[in-house]
1. For region 155-173 and region 20-61, compute the distance between their C-alpha centroids and round to whole Å.
2. Could you please rank 54, 217, 99, 60, placing first whichever residue has the fewest other Cβ atoms within 10 Å of its Cβ?
3. Ratio of region 2-207's C-alpha Rg to 2.2 N^0.38 Å, to two decimals?
4. Got a sec? How would 174, 85 order by Cβ neighbour count within 10 Å, fewest to most?
5. Binned at 5 Å from 0, what are the whole-percent values of the Cα-Cα distance distribution for region 71-133, short to long?
6. What ranking of 138, 161, 30 emerges when the number of other C-beta atoms within 10 Å of each C-beta is taken as an exposure proxy, fewest first?
């Protein structure tokens, strides 16, 4: 899929009408093939490494192979995303539906762009000018009809593909980047960067989005109820609790108000390893891993 997205864009500047319209030499067709192949290999390498690592961490050892196979990797994204919540219900199989739509879209891309590339490379075309429009007519017989049908079908299937991708990427990024899933979803619809993001998030622990939202709501409720100083006020006294023996109760965790210290219960603690920045763990280590490394370093130095 990534190959034809890039190839289709490059064919726009390989069109012979470019020279007549803008006075620049069009990009040779063979360069369009080479650049598209290189970009595809780079993007797919990131995608394969990222998805295979995610699958291994989720215990999906029997599905790791799909990360390295075109089209099957899209199905694997759906498996990692799990059922996607839409309204009050959850729907599965978005990975499979997206994979099927992707296969159809690639077929129509190929039926449209490959005959065009062949005609341009072989000089089988004529350039006609109609008033202010420049039109390239390809001299490839019945393939012109195939290209016309493929162009119409490609536009229809592309709309269907994008709609399904909205829900597929929504489920995927809700699990691996719940704080930023909306704009990441939009980014992947506009550009073929899902493989790069999968590589960036490969070491993250997936979360249950429903529990994540509940924890966030509980955190916000507590903040609204007690204000910025917590339940014990700015000086360690709770004005809502009457004094005992003429003295206000002191906070159970020590200190002057503020957030509890020590082992105070945190409703958001289960998700504390999830950074709000979607690129916060490019290093490949979570906070717990860093603490363990630091501890090991101290033990080694002491020995």
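1. The distance from the Cα centre of region 155-173 to that of region 20-61 comes to 19 Å.
2. Values: 54 26, 217 11, 99 23, 60 17.
Taking fewest neighbouring Cβ atoms as first place, the list is 217, 60, 99, 54.
3. On the way: Rg = 19.7 Å, N = 206, 2.2 N^0.38 = 16.7 Å.
In units of the globular-protein estimate, region 2-207 measures up at 1.18.
4. On the way: 174 25, 85 15.
Ascending Cβ contact count within 10 Å gives the list 85, 174.
5. Distribution as computed: 4, 15, 14, 12, 12, 10, 8, 7, 7, 7, 5, 0 percent.
6. Details: 138 17, 161 21, 30 11.
Lowest count first: 30, 138, 161.
Read-outs: derived from the displayed coordinates by stated rules, not from any lab. Treat the numbers as computed from the prediction; the structure is a model and nothing was measured. When we count neighbours, we look across all protein chains shown, and the Cβ atoms used for this are built from the backbone with ideal geometry, even at glycine.
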